[in-house]
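Step one of this worksheet: look at the structure below.
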Amino acid sequence: AREEIKAGASCIKLMASGGVYGHAEEPGSPQLNVEEMRPAVEEAHKAGRKAAAHAYSVEAINNALEAGVDSVEHGSFLDRETIERMREQGTYLVPTMSVYAAMAEKGPGLGSPEYITRKTAEVLEASGEAFRLALEVGVPVAAGTDCGAPGHPHGTLPEELRPMVEAGATPLQALRFGTSAAAELLGLSDEVGALEPGKRADLLAVAGDPTLDIKALREVRLVLRDGAEVNQ
């Protein structure tokens, strides 16, 4: 963690469990334990950085929570007891549902092996239920895409907000998960995340009203970054 921070890392991400793409691992299998993760979290926090944990299973998530992480990435197999613990600790859930949908749809055509296809189907079904439970319990949520995966390039945030709405969030909630809540999680809420005096003039204008129909985010008309128009 110290080496990564010295090299310029703004966040430390820990592999608390296995994942979908590894050929010799399962998403629910714990990897780093509490004793291994806690010093990394402490080093991140000492340096004013955030610490996130890639974690799928209840066991791995609880290990990460015990270590003190700021967010759980994926969290597909969360149960109520663990979600309530996340709420009590103020730990964010970053559900990344869109990457599973993209892989389920495009993976076979991209030549994904059987073990990826199988695991993708498992986490796709579970992640929607985990997100609905998080909404019910009141866990803080931030939107993240896990972009860069096959069939899921950068710039796909609207595709993450859509399944959030389909799973029970209001369009306005989903918009906040992708803006102000995400900025708060990253420690950037003084700079970005809302249109307020003193913050960077980052603005997205779309053709429709995304508070009524989240799919309006696909119809981009204007992008401003620091007040300057970005050519699309």
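The values are calculated or read from the model by the stated rules, or taken from the named source; none is laboratory data. Keep in mind it's a predicted model, so treat the numbers as computed, not measured. Counting neighbours? That spans all protein chains shown, and the Cβs are built from the backbone with ideal geometry, glycine included. Heavy atoms of the whole protein, side chains included, go into the accessibility calculation; ligands, DNA and RNA do not. Shrake-Rupley method; radii C 1.70, N 1.55, O 1.52, S 1.80 Å.
Matching residues to (1) open to solvent by 10 Å² or more (accessible area, probe 1.4 Å); (2) aromatic (Phe, Trp, Tyr); (3) under 22 Å from Pro30 (Cβ atoms); (4) at pLDDT below 95:
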{"site": "Glu66", "(1), (2), (3), (4)": "yes, no, yes, no"}
{"site": "Glu73", "(1), (2), (3), (4)": "yes, no, yes, no"}
{"site": "Val99", "(1), (2), (3), (4)": "no, no, yes, yes"}
{"site": "Gly107", "(1), (2), (3), (4)": "no, no, no, yes"}
{"site": "Val137", "(1), (2), (3), (4)": "yes, no, no, no"}
{"site": "Cys147", "(1), (2), (3), (4)": "yes, no, no, yes"}
{"site": "Pro150", "(1), (2), (3), (4)": "yes, no, no, yes"}
{"site": "Glu160", "(1), (2), (3), (4)": "no, no, no, no"}
{"site": "Met164", "(1), (2), (3), (4)": "no, no, no, no"}
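Based on what the data block shows, is Leu124 open to solvent by 20 Å² or more (accessible area, probe 1.4 Å), out of contact with any helix residue (DSSP H, G or I) (no Cβ under 6 Å at 6 or more places or on another chain) and in a helix (DSSP H, G or I)? So Leu124 does not fit the description; no. Considering only residues in region 189-212 that are farther than 24 Å from Tyr92 by Cβ and surrounded by 12 or more Cβ atoms within 10 Å (Cβ to Cβ), the one that is nearest to the chain's Cα centre (by Cα) turns out to be Leu203. Of the helices (runs of 4 or more DSSP H) entirely within region 144-232, those holding at least 3 residues that are of a type outside the set (A, V, I, L, M, F, W, C) occupy 157-166, 171-178. The set of residues in region 42-64 that are closer than 25 Å to Tyr21 by Cα and open to solvent by less than 10 Å² (accessible area, probe 1.4 Å) comprises Ala51, Ala52, Ala53, Ala55, Tyr56, Ala60, Ile61, Ala64. List pairs: first residue in region 86-103 and among the polar types (S, T, N, Q), second residue in a loop (DSSP other than H, G, I, E, B) anywhere in the structure, Cβ distance under 7 angstrom, at least six positions apart or on different chains. From residues that are among the polar types (S, T, N, Q), the pairs are Thr91/Val69; Thr91/Asp70; Thr96/Gly144; Thr96/Thr145; Thr96/Asp146; Ser98/Thr145; Ser98/Thr156. Consider region 166-188 and keep the residues that are of a type in the set (A, V, I, L, M) and open to solvent by 50 Å² or more (accessible area, probe 1.4 Å). The one that is farthest from Gly109 (Cα to Cα) is Leu188. In this structure, Lys50 does satisfy being in contact (Cβ under 8 Å) with a residue 60 or more places away in the chain, under 27 Å from Val137 (Cα atoms) and in contact with a Cys (Cβ under 8 Å, 6 or more places away or on another chain). Exactly one residue out of Glu3, Glu26 is open to solvent by less than 90 Å² (accessible area, probe 1.4 Å) and of a type in the set (Asp, Glu): that is Glu26.
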